[in-house]
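The values are calculated or read from the model by the stated rules, or taken from the named source; none is laboratory data. In this text the structure is predicted, and so the values were computed from the model without any measurement. When we count neighbours, we look across all protein chains shown, and the Cβ atoms used for this are built from the backbone with ideal geometry, even at glycine.
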Amino acid sequence: MQDSAQSHRVALVGNPNVGKTTLFNALTGSQQKVGNFSGVTVTKKSGEFRTPYGVKVELVDLPGCYSLDPESKDEQVTCDFLQGKVTGEALPDAVICVVDASALERHLPLVLQVLELKLPVIIALNMVDVAQKAGVKLDPTLLAEELGVDVIAIQANQANSSKGLLELKQALQFPSSSEISPSKTTLPWLKEDAEELRVARGEFVQQLSKKAARREDQATLLFSDKLDGVLLNPLFGWPILVLTMLVVFYSLFTLSAYPMDWIDGVFGSIGEWVESSMPAGDLRDLLTGGVIAGLGGTLVFLPQIMILFFFIGLMEMSGYMSRAAYTMDHLMARAGLSGSAFLPLLSAHACAIPGIMGARTIRSRRERLITILIAPWMSCTARLPVYTTMIALLLPGVSGWAKAGIMVGIYLLGILGALIAARLLKTRIAEDEKEQHFMLELPPFRWPQFGLLFRQIASKSVSFLKRAGTVILGISILLWALETYPKPKEGEPAAEDSSLALEQSYMGQLGKAIEPVVEPLGYDWRTGTAVVASFAAREVFISNLAITFAAEADDEDEAQQTLQDKLAAATWPDGRKLYTPMTLLSLLVFFIYALQCFPTSVVVAREVGSWKLAAGQFLGMGAFAYAAALIVYQTGRMLGYA
């Protein structure tokens, strides 16, 4: 019997899209921690489980890589971890190499490199069912004999998440035993010369793949192959991608309508209850005009954010995301990028920060830097509240499909600007010493793991709620205070006129000071202060407007109007309509191109190792956004539309 106090540290290694994450989740369940490797910004995910005899195993999920000859930051960390070179990280006791059984020839080269490190290795032969459907006859026993390690067939998917897990845990019981230790084998492909070693590896892999994975029916086509014939077709691929995006944004407007109305009603009822239950005074005004109005104005957009997370996760889990990257490769090549930049840029549509961090997987140094610099131009979910509010004001009463079309146009405008910027940056950033080639694994289409998908959505939603409960709440309270004080004295005109009182507040004074700067864009001081506040977090723009226009309300009926109604009725002092079509378009353009998130700049500085570059990105994007919004508004005025 194994001592239950004994523990092992095991690294999980494999190519991208091989099923590592699914296997990791199946083994560790809820016992997971996510952080960064010490001294490195690459994400580290670890979890714990016990073998059948009680041995504790710490499983470390390393970044996906194609080779231990690192060409990206992620690959460098994986390589360093397996060699014990990562600061504060011990050498693993064993390594699980996850291999796609349907594509042994592509995945075995990495296995050989891991074996050369003389660490105890177990091969998890994944997607056995996919290989069998493709007419591949596998021989795991032969594979184990040739490599001198344990080879365990698993199916790390939702329907068969337990297949092979018990055998895998049993193999980890004694990770240094002879039957799984490559140090006892001859490693016949080993050569002294590095170039000869690469030739020898290739020959060994080719011969072993033919013997251990024989194809009985060369004509067999998987469902994925047939689907790829359509999705990757130059004629059909693009229309399908555009239609997919239209469906996503149509869903944002239609499916989210009911929960948004419900959330809006809940916060309205809470505000009414607080007003009726508390005596008049600053505390009641703070709760109703600051906390409730600020949080309610932001949280009402949570359903739309969750829907976007759902569709992005669905495309990733199903395998369509990689096909979209392949489809985009030709277009991105015109901007000096490759399809490998597509995945980080698409992730940036959820949030710029994970998109920037996702650029670590890009093998080219120059392309990685360009991707980081243009990623904030991908419209993130934090801008959705601004976009949907402006679109609703711009096109009141139109169908969901029309709004979806406008939203697709907004996103495409950001993407187009990013690609143009990428093309310009390519001429200013030095080339890589070694030419890099675009390499992308196209995983077979899989049925999404909805349990995992919904857990991811819940996790990201909780993260948004925490942000709303801290950053946005704190800013909402600060904004309320700035718009409330100094209070007018009794007998002064401002004491009877809420609009005048707001103008005389600290916020009003600040707004009046910046109004000459923002007025050429079509903004008054109220809109200008909301734009300035949004640089802390984009969502604050809407909560600021909610607080400002709630403070301006002269009676209870007006105070209960929705924010959209209040903005539609807003005017300049001379009675002119404030939010004209050109003003709304100017705001949309500004929010598409401005980097309005200080945390993003912090992450950029950390990833590129330069605060100067991060500051230049922030100021450059801000200047471009101002110029673009100015051109839009002033052109509209000259044409008589403002």
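Listing for the model above:
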| item | result |
| --- | --- |
| Single residue of V608, V603 found to be within 19 Å of G414 (Cβ to Cβ) and either β-branched (V, I, T) or in the same structural domain as A375 (by TED's automatic domain parsing) (or both) | V603 |
| Enumeration of residues in the stretch 102-121 that are touching a helix residue (DSSP H, G or I) at 6+ places or on another chain (Cβ under 6 Å) and either surrounded by fewer than 20 Cβ atoms within 10 Å (Cβ to Cβ) or more than 19 Å from A171 (Cα to Cα) (or both) | S102, L104, E105, L108, P109, L112, L117, K118 |
| Conditions (1) out of contact with any helix residue (DSSP H, G or I) (no Cβ under 6 Å at 6 or more places or on another chain); (2) part of a helix (DSSP H, G or I); number of the one not met by V274 | (1) |
| Among residues of the stretch 259-277, those that are closer than 30 Å to I415 by Cβ and loosely packed, with under 14 Cβ neighbours inside 10 Å, counted | 0 |
| Listing of strands (runs of 3 or more DSSP E) fully contained in the stretch 1-90 that carry 1 or more residues being modelled with pLDDT under 85 and surrounded by fewer than 20 Cβ atoms within 10 Å (Cβ to Cβ) | 7-14, 32-36, 43-50 |
| Test: residue in the stretch 556-564 that is of a type in the set (S, T, Y), on the phi < 0 side of the Ramachandran plot, at pLDDT below 90 and not assigned by TED's automatic domain parsing to the domain that holds T389 | yes |
| Among the candidates L394, L345, L337, residue that is over 18 Å from E71 (Cα atoms) and surrounded by 23 or more Cβ atoms within 10 Å (Cβ to Cβ) | L345 |
| Filter result for the condition that a residue is over 30 Å from L482 (Cα atoms) and either assigned by TED's automatic domain parsing to the domain that holds S498 or not in a helix (DSSP H, G or I) (or both), over L343, L295, L286, L337 | L337 |
| Residue pairs meeting the criteria (Cβ under 6 Å; at least 6 apart or on separate chains; first under 14 Å from T548 (Cα atoms) and assigned by TED's automatic domain parsing to the domain that holds A570, in the stretch 490-504; second of a type in the set (D, E, K, R) and loosely packed, with under 15 Cβ neighbours inside 10 Å) | S498/D554 |
| Residue count, the stretch 91-105 (criterion: assigned to a helix (DSSP H, G or I) and within 30 Å of the chain's Cα centre (by Cα)) | 3 |
| Check on G575, surrounded by fewer than 15 Cβ atoms within 10 Å (Cβ to Cβ) and either without any contact (Cβ under 8 Å) to a residue 60 or more places away in the chain or under 33 Å from the mean Cα position of the chain (by Cα) (or both) | yes |
